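Asker: Got a structure here, written out as structure tokens. Questions coming.
Every number here is computed from the coordinates shown, using simple stated rules; none is lab data. Please read all numbers here as calculations on a predicted model, not as lab measurements. Cβ placement follows ideal geometry from the backbone for every residue including glycine, while neighbour counts extend to all protein chains displayed.
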Amino acid sequence: MRNLLFSLMILTGLLSCSKKKLDINATEILIPMHDRFNKIKFLNQQTGFIIGGQQFSHPAMLKTSDGGATWHEVTLPGNNEQKEIYGFDLFKDGKIITVGYGGTIYVSSDTGSSFQYVQHASWKELKDVVFKSKDSALIIGGSGFNQGHISRFKTDGSGSNQISEMLGFELCDIDMPDSNTVYYAGYGAILKSVDGGLTHDFTTAKNDFFKAMCWKNSNEGIAVGYEGSIIRTTNGGASWQFIRNGNDFTKKKIHFLDVERNNSSRVVAVAEGGVVFVSEDDGASWKEAMRFTSNDLYGITFRDEQTCFVVGDNGCLFSIRF
């Protein structure tokens with residue numbers, strides 16, 4: 001019986017390896033930096049930002065004004081804590097908020113031309129942020145899998161900037177698909193708020209460390225996990241379908257780190273080791289792409305319907321044209 005089980009595992013592995021991978025058009029954009037790049041976002045077709053750095057010693061931010069063809073380093077205030085930036089958000093009027101290690105926050109009101117430094121009162125790890133309006137934002141974070149927190153933040157940096165709620169698990173991604181609906185992803189759970197973040201409840205998502213989400217609207221979303229799961233909901237998290245079960249021992253282990261979609265039906269997920277998965281049907285089915293890098297890929301964004309950018313370790317930056 002043991003030999004039969006072992007043979008089945010070998011056969012399953014061979015079959016999975018034999019599946020044809022998707023050939024995608026990836027182009028490396030050389031950046032004279034070797035910091036880890038964590039996230040990338042575009043404000044419009046021409047203007048985009050990358051954030052990252054070195055955890056204990058250096059925050060990094062880059063900006064493009066030509067659609068991602070060239071990038072230059074943004075000067076951040078130097079008379080404060082110099083720590084890595086983990087997450088950020090852009091508002092349509094040009095406001096920017098970044099969050100990072102040790103409670104470090106940078107705020108800009110002029111599309112990154114200048115920044116104000118704000119120290120979060122908790123000094124805890126801040127993982128992601130989302131604008132609620134031009135005047136307010138929600139910040140989430142945590143560490144050690146069992147310590148998470150939510151903060152309400154005034155975008156001008158005023159106020160106490162205290163943690164408003166502590167949780168028993170780490171949070172690492174926050175999305176707001178409309179003015180009332182907020183989703184929080186983290187260790188073993190995805191939470192949902194329908195009142196702009198004042199209160200929240202658990203969705204039915206479980207059994208993975210959910211690192212990232214993307215939402216077509218307030219009901220249709222995709223989440224990916226560090227154990228290798230891809231889950232999908234069409235009813236606002238009331239139920240989730242496992243498209244890929246990361247706890248299935250017959251599947252190879254993949255550590256997903258980010259996922260993003262365009263405005264139609266294409267969704268792309270990135271992972272450690274340069275792994276990229278692509279869906280052309282709103283996340284209902286996926287194909288693994290041929291690898292174009294061995295670097296861990298931490299962030300992805302779509303500039304337009306046919307072009308996305310991915311960033312990761314060692315200052316790597318790629319554009320992918322579909």
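Asker: Per residue of the stretch 33-40, what does 6.51 cos²θ - 1.76 cosθ + 1.60 with θ = phi - 60° give for ³J(HN,Hα)? Whole Hz please, x for Gly and Pro, Karplus curve as stated.
Answerer: Result, rounded to whole Hz: 9, 10, 5, 7, 9, 9, 9, 9.
Asker: Another question, if that's okay. From zero outward in steps of 10 Å, how is the percent of C-alpha pairs of the stretch 147-234 spread across the bins?
Answerer: Going from the shortest bin to the longest, the percentages are 17, 49, 28, 6.
Asker: Treating the stretch 59-198 as a set of equal point scatterers at the Cα positions, no solvent, please give the Debye-formula log₁₀ I(q)/I(0) at q = 0.12, 0.14, 0.19 Å⁻¹.
Answerer: Values returned for q = 0.12, 0.14, 0.19 Å⁻¹ are -0.46, -0.62, -1.11.
Asker: Quick one: angle between helix 2-18 and the longest Cα principal axis of the chain, in degrees between 0 and 90, rounded to 10, please.
Answerer: Between helix and principal axis, roughly 60 degrees.
Asker: Can you work out the FRET efficiency for the pair ILE29 and PHE242, with r the C-beta to C-beta distance and R0 = 25 Å, to the nearest 0.05?
Answerer: The computed FRET efficiency comes out at 0.10.
Asker: Ok, one more. Quick one: plug the Kirkwood hydrodynamic radius of the stretch 183-269 (C-alpha pairs) into Stokes-Einstein at 25 °C, 0.890 mPa s, and report D in µm²/s.
Answerer: On the way: Rh = 13.0 Å.
Value of D from the Cα-based Kirkwood radius: 189 µm²/s.
Asker: Lysine pairs in the stretch 149-285 8 or more apart or on different chains: how many have alpha carbons under 29 angstrom apart?
Answerer: 17
Asker: Additional query: For LYS211, LYS253, LYS83, what's the fewest-to-most ordering of other Cβ within 10 Å of each Cβ?
Answerer: Least crowded to most crowded, the residues run LYS253, LYS83, LYS211.
Asker: With label points built 7 Å along Cα→Cβ from the Cα atoms of SER114 and ASP135, find their separation and express it in nm.
Answerer: 2.3 nm
Asker: Let me ask something else about it. When only C-alpha pairs under 8 Å and at least 6 residues apart count, what is the relative contact order of the stretch 31-138, in percent?
Answerer: The value is 19 percent.
Asker: If each DSSP helix of 4+ residues adds -39,500 (n - 2.57) and the sum is divided by the residues in the chain, what number results at 222 nm, nearest 500 deg cm²/dmol?
Answerer: Mean residue ellipticity, 222 nm, calculated: -2000 deg cm²/dmol.
Asker: Run the numbers for SER179 and ALA69: contour at 0.36 nm per residue of separation, minus the present Cα-Cα distance, in nm.
Answerer: Contour length minus Cα-Cα distance gives 36.3 nm.
Asker: Can you tell me how much longer the chain between LYS21 and LYS253 gets when fully stretched, taken as 0.36 nm per residue apart minus their C-alpha distance, in nm with one decimal? Can you show the working numbers first?
Answerer: Working: separation 232, 0.36 × 232 = 83.52 nm, distance 1.66 nm.
Full extension from LYS21 to LYS253 adds 81.9 nm.
Asker: If each Cα of the chain is one equal point scatterer, what is log10 of I(q)/I(0) from the Debye formula at q = 0.08, 0.11, 0.12 Å⁻¹?
Answerer: Summing over Cα pairs of the chain leads to -0.35, -0.66, -0.79.
Asker: Could you calculate the FRET efficiency of ASN219 with ASP93 from 1/(1 + (r/R0)^6), where r is the beta carbon distance between them and R0 is 30 Å, rounded to 0.05? Kindly include the intermediate steps, with their values, before the conclusion.
Answerer: Numbers: r = 28 Å, r/R0 = 0.93.
My answer for the efficiency is 0.60.
Asker: If I model a spin label as a point 7 Å beyond the Cα along the Cα-Cβ vector, how far apart are those points for ASN207 and PHE169 in nm?
Answerer: For ASN207 paired with PHE169, the spin-label model returns 1.3 nm.
Asker: With a ≥ b ≥ c the root eigenvalues of the C-alpha gyration tensor of the stretch 242-284, is it rounded (a/c under 1.5), prolate (a/b larger than b/c) or oblate? Write out the running numbers ahead of the final one.
Answerer: Details: a/c = 2.91, a/b = 1.55, b/c = 1.89.
Cα axes put the stretch 242-284 in the oblate bin.
Asker: Roughly how far apart, in whole Å, are the Cα centres of the stretch 255-322 and the stretch 79-104?
Answerer: With the stretch 255-322 and the stretch 79-104 each reduced to a Cα centre, they are spaced 23 Å.
Asker: What number, in percent, do you get for the relative contact order of the stretch 44-253 if the mean sequence gap of Cα pairs under 8 Å and at least 6 apart is divided by its residue count? Please list the in-between numbers first.
Answerer: Numbers: 566 pairs, mean separation 19.7, N = 210.
Across the stretch 44-253, relative contact order equals 9 percent.
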